[in-house]
Amino acid sequence: MHSEQHEELLSLAAVGVRLVGEDSLEYERLLAEPCPTCAALLPELRFAASSLGIRAPSRSPSAALKDSIVTAIRSDRRPATRSPARSAGFAPWAFAAAAAALFAIVLIDDARLRRQREELRARSADLAQRVERDRSELARRDLVTRVMESDDVRLLFLGGHGPQPEARAKVFWSDKGKRGVLVAGNLQPLPPDRQYQLWVFADGKPIDAGVFDVDPSGRTLFESKDLASIRTAENFAVTVEPRGGVPQPTGPIVLIGTPS
Amino acid sequence: MNSRRQPEDRDPSDAALVAAMEVRDADAVARLYDRHAARLLGLAYRILGETGEAEEVVQDVFLYAWRAAATFDPSRGTVISWLLVATRSRSIDRLRTRRPLAASEPGGRDPLADLPADADVERGSAAREWESLCRGAIGELPAEQRNVLELAFFEGLTHQEIAERTRTALGTVKTRIRLGLMKLRERMRPYWTREGNA
């Protein structure tokens, strides 16, 4: 249902006002509602808000800036679109390689046996990895279940912020368990040297709660580190940091919650 | 005469340049830069008040545009609005990381205090038209609505902070932001519709 209050919240968000307290929660609820009018209004209000940028007088950039940008772009090798499939040229080479391999195996039996051994070894290593992955996944799910079923579990909403206004997340937090589970979506993929880092605010200070990556659709399910040292979590935020994380936040905040 | 210059052919639209960036045409970025870098730098500078940092933001925005060209949706706004929003959010992020320092200074920094006169920058007629529409729309807003919108947009303040700064009730701040932005939306609507259908 669309109302004046909804227009107010959407206007605040569109102009870039940091929503806090009840407004933040209300905005999260609004975004979760099936409201086609709101969904259409928000981008239009953002477009209108961008017109305010015209109020800043233009400035001539330094001569080096353009060169610096163009050089960076020309050295950026990341493809913007998917590479076309290469199956057309692959088959003849594959057949030729297979034929050559078969020929070699027939001629040199010792080489065949060696290769079989290597294959078995590789398969065995692969199976061991899978078992390990399954074991970790099981442990992870067990932890998530324990956190979510804790009798003191709290649910906090994190809204998109700064460069990623569309990002969304929830944190299930247990003060007793000293752990939280973050469920996030709409996060942008990051360059290989960057990771998202979760911060828990305790006594007004951010505490590292671990780093995580997102899947190609921008989603993640991530459990925080064991934060035995903190008494209670006041708020949460996610920043973009160098891979491996940093002791104190340095990068842009992309998700932030509502202080309790 | 048939040999007359045809601007449509020689000056591709911003949206066409972004589409070219999607297929990795670096020249398209250079052309987009020529059109809009001064405007974006002006915005970053107004928020940050420091040229070096403002240029870093502009560089970051063009790299973002290059990498995210495929995500630009012409039905959700113009290229310049897309770039302005990206510039604004990156600048405000930087501003917020240094706000605790600024807050300790008496009176804080006034980012409007040392603005130069508008630079003489070449821009395409479409950009000039859009700017003219924006200026007209913003100019028609009542001063109190324009003021709260600018405090939110350029200084990244929360509505509570705006209420304190303007010594106005919180509810009044929210109402002014809503009314001001809804008016801007109405004035910008023809352009929105035109871009969306282009």
Confirm whether residue A:217 is within 24 Å of residue B:83 (Cα to Cα) and of a type in the set (Ser, Thr, Tyr).
yes
Counting only residues that are assigned to a strand (DSSP E or B), of a type outside the set (S, T, N, Q) and out of contact with any Leu (no Cβ under 8 Å at 6 or more places or on another chain), which one in segment A:190-201 is surrounded by the most Cβ atoms within 10 Å (Cβ to Cβ)?
A:199
Reported set for segment A:36-46 where residues are within 26 Å of the chain's Cα centre (by Cα) and either open to solvent by 30 Å² or more (accessible area, probe 1.4 Å) or within 7 Å of chain B (Cβ to nearest Cβ) (or both) is A:39, A:40, A:43, A:46
Hey, can you tell me all the residues within segment B:67-85 that are closer than 22 Å to residue B:38 by Cβ, in a helix (DSSP H, G or I) and polar (S, T, N, Q)?
B:81
Please work out which one of (1) modelled with pLDDT under 90; (2) open to solvent by less than 10 Å² (accessible area, probe 1.4 Å); (3) more than 9 Å from chain A (Cβ to nearest Cβ) is the condition residue B:57 fails and give its number.
(1)
If the requirement is being open to solvent by 30 Å² or more (accessible area, probe 1.4 Å), assigned to a helix (DSSP H, G or I), of a type outside the set (Val, Ile, Thr) and modelled with pLDDT of 90 or more, which of these qualifies: B:45, B:64?
B:64
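Table: residues versus (1) under 18 Å from the mean Cα position of the chain (by Cα); (2) of a type outside the set (D, E, K, R); (3) modelled with pLDDT under 65.
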residue: B:102; (1), (2), (3): no, yes, yes
residue: B:108; (1), (2), (3): no, yes, yes
residue: B:144; (1), (2), (3): no, no, no
residue: B:147; (1), (2), (3): yes, yes, no
residue: B:173; (1), (2), (3): no, yes, no
residue: B:176; (1), (2), (3): no, no, no
residue: B:183; (1), (2), (3): yes, no, no
residue: B:188; (1), (2), (3): yes, yes, no
residue: B:197; (1), (2), (3): no, yes, yes
Subset of segment B:150-177, residues at positive phi and either within 8 Å of another protein chain (Cβ to nearest Cβ) or touching a helix residue (DSSP H, G or I) at 6+ places or on another chain (Cβ under 8 Å) (or both), comes to B:156
Taking the residues in segment A:1-18 that are within 8 Å of another protein chain (Cβ to nearest Cβ) and not β-branched (Val, Ile, Thr) as candidates, determine which candidate is nearest to residue B:41 (Cα to Cα).
A:16
What are the residues in segment B:10-42 that are among the basic types (Lys, Arg) and either surrounded by fewer than 23 Cβ atoms within 10 Å (Cβ to Cβ) or outside any helix (DSSP H, G or I) (or both), if any?
B:10, B:24, B:31, B:35
If I go through segment A:211-234 residue by residue, how many of them are charged (D, E, K, R) and either free of Cβ contacts under 8 Å to residues at least 40 places away in the same chain or touching a Ser or Thr at 6+ places or on another chain (Cβ under 9 Å) (or both)?
4
Restricting segment A:155-210 to residues that are of a type in the set (Lys, Arg) and touching a residue at least 24 places away in the same chain (Cβ under 8 Å), which is farthest from the other protein chains (Cβ to nearest Cβ)?
A:176
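The values are calculated or read from the model by the stated rules, or taken from the named source; none is laboratory data. Bear in mind that the values here come from a model prediction, so they are computed numbers and not experimental data. Cβ: placed from backbone, ideal geometry, glycine included. Neighbour counts: every protein chain shown. The accessibility values were calculated without ligands, DNA or RNA, using every heavy atom of the protein model including side chains. Shrake-Rupley method; radii C 1.70, N 1.55, O 1.52, S 1.80 Å.
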